[in-house]
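As structure tokens, the structure follows; a few thoughts come after it.
The values are calculated or read from the model by the stated rules, or taken from the named source; none is laboratory data. Remember, it's a predicted structure, so these values are computed and weren't measured experimentally. Every residue, glycine among them, receives a Cβ derived from its backbone with ideal geometry; neighbour counts consider all protein chains shown.
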């Protein structure tokens with residue numbers, strides 16, 4: 001009986017422990033699986049967040065780049081371009097203050113917004129220039145983000161963003177901006193996008209610079225043309241001065257005679273007085289036209305409504321005596337006496353006089369100048385001035401409106417005058433052409449826009 005031992009209890013306890021261990025292991029496995037799923041979920045969520053951030057940045061940069069293509073090309077000044085550039089990048093890159101500095105021919109920098117830029121910031125840029133940092137950024141030909149050593153005492157350190165503007169290998173200027181961001185917050189792709197923007201800005205800056213140069217050149221050319229025009233007028237007037245003096249001397253003789261008659265008590269005093277007044281008016285008319293012609297300059301006159309036939313008659317009034325003395329007869333044919341153009345009157349007078357004197361010079365033995373004014377099409381006027389002179393040889397005719405060396409010194413001034421004639425006609429939206437045949441004369445044809453009634 002002693003061997004009969006009940007062992008049912010221990011086996012029951014072992015089985016319970018085994019079951020408990022297995023359950024625990026299964027629980028751990030389940031927990032591990034759940035944890036792995038959570039980790040994977042977090043990884044996926046992080047990837048999605050990073051992807052969304054990257055997409056957002058790319059969209060942001062793409063928007064900036066697309067906007068720049070429109071903004072920069074429409075800028076009317078360097079200052080406006082800086083404002084546009086600042087507005088595009090100030091938000092994404094936390095730009096606190098900035099300016100664009102242009103490289104001058106002497107190597108110095110010129111702020112485009114100096115009046116609006118803080119002196120402390122300008123001092124920072126001067127320090128960067130003195131230390132060679134500006135040259136360093138230009139040589140890199142890439143945006144640079146450097147510590148701002150001028151803000152050592154600041155609670156929040158700042159950095160300086162340098163963006164050179166380089167066009168066709170030439171440094172035009174550089175954008176300097178102070179930012180709260182540090183190099184770890186701006187990745188390489190963003191710097192590349194800034195570089196792309198700088199290339200668009202550099203193109204716009206070069207266009208603005210070219211526009212300024214063209215404007216300055218046009219101003220210098222206008223001044224030169226004005227000076228040449230004035231000297232040309234004086235030369236032309238000098239040629240007819242003796243004829244004008246002769247024309248004025250006739251009324252003077254009549255006035256003197258009538259004064260003598262009045263003094264001697266002969267004749268009707270009232271009638272003599274009226275004759276004197278008429279002759280004085282004639283002198284006044286001649287001298288006023290001559291004065292207006294010689295004194296008016298392009299900068300001091302305005303385009304007005306001009307009757308082209310009346311203008312031609314006015315020019316003939318002061319040149320008729322000279323032409324008659326040289327044996328030249330003037331014939332006029334006007335289709336309509338009321339044809340008008342918008343013009344600087346003294347300039348068109350200079351055109352007509354120059355062509356008349358040009359024709360005279362090619363008729364040493366006298367001849368005829370024919371002036372014809374007709375409508376050409378619906379909205380144009382054609383003025384033809386033809387002479388019966390010796391004609392112009394082909395080589396001179398080819399370059400007759402150009403300012404260039406001419407072997408015949410006698411025609412040098414003629415070429416200068418015709419160069420001015422062409423410029424004046426073009427300034428009035430007109431065209432001029434010339435036809436000539438040796439032994440048969442020369443014809444100039446000018447087309448002007450007709451002034452609508």
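Are any residues in the stretch 417-453 closer than 25 Å to residue 305 by Cα, assigned to a strand (DSSP E or B) and more than 28 Å from the chain's Cα centre (by Cα), and if so, which ones?
433, 444, 445, 446
What are the residues in the stretch 161-188 that are over 34 Å from the mean Cα position of the chain (by Cα) and crowded, with 18+ Cβ neighbours inside 10 Å, if any?
If the condition is that a residue be over 34 Å from the mean Cα position of the chain (by Cα) and crowded, with 18+ Cβ neighbours inside 10 Å, then 179, 186 are the ones that fit.
Quickly run through the stretch 374-388 and pick out the residues that are more than 16 Å from residue 429 (Cβ to Cβ) and part of a strand (DSSP E or B).
Scanning the stretch 374-388 gives 374, 375, 384, 385, 386, 387.
Would you mind stating whether residue 88 is at pLDDT 75 or above and within 28 Å of the chain's Cα centre (by Cα)?
The answer is yes for residue 88.
Give the stretch 150-160 a look and list any residue that's crowded, with 16+ Cβ neighbours inside 10 Å, farther than 20 Å from residue 132 by Cβ and modelled with pLDDT under 85, or say none.
Once the filter is applied, which keeps residues that are crowded, with 16+ Cβ neighbours inside 10 Å, farther than 20 Å from residue 132 by Cβ and modelled with pLDDT under 85, the stretch 150-160 yields nothing.
For residue 218, state whether it is loosely packed, with under 14 Cβ neighbours inside 10 Å and either over 30 Å from residue 425 (Cα atoms) or modelled with pLDDT of 80 or more (or both).
The answer is no for residue 218.
Can you tell me how many residues within the stretch 361-405 are surrounded by 13 or more Cβ atoms within 10 Å (Cβ to Cβ), out of contact with any helix residue (DSSP H, G or I) (no Cβ under 7 Å at 6 or more places or on another chain), within 30 Å of residue 452 (Cα to Cα) and in contact (Cβ under 8 Å) with a residue 60 or more places away in the chain?
Final tally of qualifying residues: 5.
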